[in-house]
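J.: Take a look at the following structure, please.
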Amino acid sequence: MATLIPVTTRIKFGTSVLNLPQHHPAVVAGNCAMFDHLSEGRFIMGIGPGGLGSDFELFQTMDKNRSEMMLEAIETIHEIWASDPPYRIEGRYWSIVIDGSCQLRLGIGPMLKPYQKPFPPLAASAMSPVSQTARLAGERGWGLISANFMPVCHAKAQWQQYCEGAAATGRRPDRADWRLARSILVTESDAEAADYLAALEKCSVGWYYSYLRDNLATFKLLKIFKPSESIPDDEVTVRNCIDWMVMHGSPQTVLDRLVALLDEVGPFGTLLLTHKDWDRAELHKRSMTLLAEKVMPRLRQHMGSRKAAE
């Protein structure tokens, strides 16, 4: 991301998900503060408790309370940024100590504070229908990102969890803080999208959902992919995953699906376009152009008309 800072002026840079139970808080604090300065505040800190079984085994967090670890990590990072040496921050999972080794005249001891005050904004990702991360984000006033590899109905449930969390701590939830990620492929016609997606084993979209499907099945988490709990596991095929979770087709078809999404979940702050590897670069570049020029202006017009009617 740092390579893009000097060639952009307005876009903000989000870290996707920093799986905090797998990182030392002081390292995260230093890296994030540095990037915040490099980008002059165009930084969003994306966080999560992690979701990959092999990571749980590797970092020995399988049987630990990862949500609790994530929360302690954030509180520790914020305390680092809010204080000066000597540091003595004691936690259940990490202890931050720089005391006897401080040499302030040499600049040894102080840890960098971020450019944004008091801290860079936080956004937590959620993928489960009943997401404790979404509820925690509401309690803490963080932004919420609903993942692209789940049906839209889960996003609606996550926003409800977010609102319940906000209410528990007396906060007022703001839909502008909600980012909804979707896999979107816009082509000149419906037939062009269908032709590309027909070769599931070859196209990057098919590979992506095949990978996730097999990974989630290993840990008995296919419910994340299901629009309804009544759907049996053997019906969670890659083809069905694409039908459930990928908006694809002509600009009109994609617009219709985005309008339906908006009607189902209500207004939200940001639509996040999630891309896969560009196995066919021109097709994917054209998709971004069509989305920007043919779809989004009409979606904004629809949103404006809807807001005026309310």
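J.: Per 0.36 nm of contour for each residue apart, how much would the distance between D55 and A167 grow if the chain were fully extended, relative to their Cα-Cα spacing?
T.: Full extension from D55 to A167 adds 37.0 nm.
J.: Considering only L122, L261, L20, give the residue with the highest GNM mean-square fluctuation for the chain, with springs between Cα atoms whenever their separation is below 10 Å.
T.: In the Gaussian network model the winner is L261.
J.: If you don't mind, another one. At 10 °C and a viscosity of 1.306 mPa s, what translational diffusion coefficient does Stokes-Einstein give for the range 166-230, taking Rh as the Kirkwood radius over Cα pairs? Give it in µm²/s as a whole number. Walk me through the numbers on the way to the answer.
T.: Details: Rh = 15.3 Å.
Reported coefficient: 103 µm²/s.
J.: Right, here's the next one. Between L185 and residues 5 or more places away or on another chain, which pairs have amide H atoms under 5 Å apart, with H built 1.01 Å from N, and which residues are they?
T.: It is M247, H248, G249, by chain and number.
J.: Continuing with the same structure: For a quick size check, give me the Cα extents of the range 207-310 along its three principal axes, largest first, whole Å.
T.: Sorted largest first, the three principal extents are 46, 37, 21 Å.
J.: While we're on this one: Might you report the magnitude of the Cβ-based charge dipole of the chain about its Cα centre, with Lys and Arg at +1 and Asp and Glu at -1, to the nearest 20 debye?
T.: Here the chain has a charge dipole of around 840 debye.
J.: Compute the angle between helix 152-168 and the longest alpha-carbon principal axis of the chain, please, reported from 0 to 90 degrees and rounded to the nearest 10.
T.: Taking Cα atoms only, the helix is inclined about 30 degrees.
J.: Just list whichever of K64/K202; K113/K307; K156/K307 have alpha carbons separated by over 29 Å in the model shown.
T.: Over 29 Å apart, Cα to Cα: K64/K202; K113/K307.
J.: Now for a different question. Hey, what does the equivalent ellipsoid look like for the chain, semi-axes from the Cα gyration tensor as sqrt of 5 times each eigenvalue, largest first, whole Å? Before the final figure, lay out the partial values.
T.: On the way: eigenvalues 268, 102, 82 Å².
Three semi-axes, in Å: 37, 23, 20.
J.: Okay, moving on. Suppose we take every Cα in the range 1-47 and form the convex hull; what volume per residue is that in Å³? Walk me through the numbers before you get to the answer.
T.: Numbers: hull volume 3.0 nm³, N = 47.
Spelled out: Cα convex hull of the range 1-47, divided by residues, is 64 Å³.
J.: Taking amide H positions as placed in the peptide plane 1.01 Å from N, state which residues far from I47 in sequence (5 or more) or on other chains have amide H under 5 Å from it.
T.: Amide H neighbours of I47, under 5 Å, 5+ apart: L18, A123, A124, S125.
J.: Another question, if that's okay. Pick out, in residue order, every one of the trypsin sites (Lys or Arg not before Pro) in the range 192-223 that is DSSP loop and has at most 14 other C-beta atoms within 10 Å; say none if there are none.
T.: Of the trypsin sites (Lys or Arg not before Pro), the ones in loops of the range 192-223 whose Cβ has at most 14 other Cβ atoms within 10 Å are K202, K220.
J.: List the lysines whose Cα sits under 20 Å from the Cα of K117, skipping any in the same chain fewer than 8 residues away.
T.: Leaving aside lysines fewer than 8 places away in the same chain, those within reach of K117 are K12.
J.: Convex hull volume of the Cα atoms in the range 1-93, per residue, in Å³?
T.: So the per-residue Cα hull volume is 106 Å³.
J.: Taking the Cα centre of the range 12-154 as origin, sum charge times position over the Cβ atoms of Lys and Arg (+1) and Asp and Glu (-1), and report the length of that vector in debye to the nearest 20.
T.: In debye, rounded to 20, the range 12-154 gives about 320.
J.: Test of the criteria: in the range 204-310, which chymotrypsin sites (Phe, Trp or Tyr not before Pro) are in a DSSP loop and have at most 13 other Cβ atoms within 10 angstrom of their Cβ?
T.: In loop regions of the range 204-310 (DSSP not H, G, I, E or B), the sparsely surrounded chymotrypsin sites (Phe, Trp or Tyr not before Pro) are F219, W278.
J.: Near the amide H of G91, under 5 Å away, which other amide H atoms are found, from residues 5 or more places off or on another chain, if H is placed in the peptide plane?
T.: I96
J.: Next question. For the chain, what % of the accessible area comes from carbon and sulfur atoms, probe 1.4 Å?
T.: Carbon and sulfur: 53 percent of the exposed surface of the chain.
J.: Calculated from DSSP H runs of 4 or more alone, at -39500 (n - 2.57) each and per residue, what is the 222 nm mean residue ellipticity of the chain, nearest 500? Don't jump to the answer; show the numbers that get you there.
T.: On the way: 11 runs with 134 residues, N = 310.
The helix contribution divided over the chain gives -13500 deg cm²/dmol.
J.: Report the gain in length on full extension from N31 to M62: 0.36 nm times residue separation, minus Cα-Cα distance, nm rounded to one decimal.
T.: Here the segment from N31 to M62 would lengthen by 8.6 nm.
J.: Any idea of the accessible area per residue across the chain, 1.4 Å probe, to the nearest Å²? Before the final figure, lay out the partial values.
T.: On the way: 16140 Å² over 310 residues.
For the chain, the solvent-accessible area averages 52 Å² per residue.
J.: So, one more: Which residue, P267, P232, P114, has the most motion in a Gaussian network model of the chain that connects Cα atoms within less than 10 Å?
T.: Judging by the Gaussian network model, the answer is P232.
J.: Hey, what did the chain get for relative contact order, percent, Cα under 8 Å, at least 6 apart?
T.: 15 percent
The values are calculated or read from the model by the stated rules, or taken from the named source; none is laboratory data. All figures in this text were calculated on a predicted structure; none of them were measured in a lab. Here Cβ is always computed from backbone atoms with ideal geometry, including for glycine, and neighbour counts include all displayed protein chains. What goes into the accessible areas is simple: the full protein's heavy atoms, side chains included, and nothing from ligands, DNA or RNA. Shrake-Rupley method; radii C 1.70, N 1.55, O 1.52, S 1.80 Å.
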